[in-house]
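These notes concern the structure reproduced below.
What follows draws every value from the coordinates through simple rules; no lab data is involved. Predicted, not measured: the structure shown is a model, and the values here were computed from it. So basically every Cβ, Gly included, is an ideal-geometry build from the backbone, and we count neighbours across all protein chains shown.
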Amino acid sequence: MNTTNIERRNFLKMLTMVTGGSLVLPQLANAETHKTDQDAKAVYISPGEGEKYKLSTGEVTFKLNKAQTAGNLGSNEGLLLPGFMGAPPHFHKTFDEISIVQEGVMSVLVGEEVYDVPAGGWHLRPRDVVHTFWNSGNTPTRYIELFTPGGFEEYLKGLYKIVTTTRPIDTKAIAELASKHDIILRFDLLHGIMDKYKVHL
């Protein structure tokens, strides 16, 4: 037998193994991904459903949480009444906040810049920069908030429980909760913002 034919046959065998492997390996990888997808559960939240808190500033209804999204996302729907702030100035190091305005206008302070976000607008408040938001209009602001990765919703739930159930409000409990959830509150900036934009908590 010709050695050239043997070499050619060996080359074709090797090529078959390599290309066959390249076809099999992605299938195995996809099978693993598919298995993970099968373990995930779809979540349906009907209109109005969710843990709801009525506040002097408006209301918040919690939707998706980090347990439902493999830690990737938390979310809520909010209603902010005219003249109110949605949060004191603060920042955090490990997650971002995104607001999607549905009705009215949300004013958002990030660093030293203010954005007036109308219905249909989106706004990202990035980690590591001081931010807050308020409604300085004449009508309620409805919005969706997303937190990525998830977890901030747990802080908010704890905060709303404190402010709706304790009188006087337990500021020590709020400080402890904030520290536990990577929230650095900047109350030193609060009165300047309230005076300048004619809003309050």
Is it the case that some residue within the stretch 115-133 is crowded, with 18+ Cβ neighbours inside 10 Å and in contact with a Pro (Cβ under 9 Å, 6 or more places away or on another chain)? yes
Could you run through the stretch 134-145 and say how many residues are under 16 Å from the mean Cα position of the chain (by Cα) and buried (at least 21 other Cβ atoms within 10 Å of the Cβ)? 2
Among residues of the stretch 164-185, those that are acidic (Asp, Glu) and in contact with a Gly (Cβ under 9 Å, 6 or more places away or on another chain), counted: 1
Checklist (1) surrounded by 18 or more Cβ atoms within 10 Å (Cβ to Cβ); (2) under 21 Å from Asp188 (Cα atoms); (3) free of Cβ contacts under 8 Å to residues at least 40 places away in the same chain; (4) out of contact with any helix residue (DSSP H, G or I) (no Cβ under 8 Å at 6 or more places or on another chain) applied to Thr171, failing item: (1)
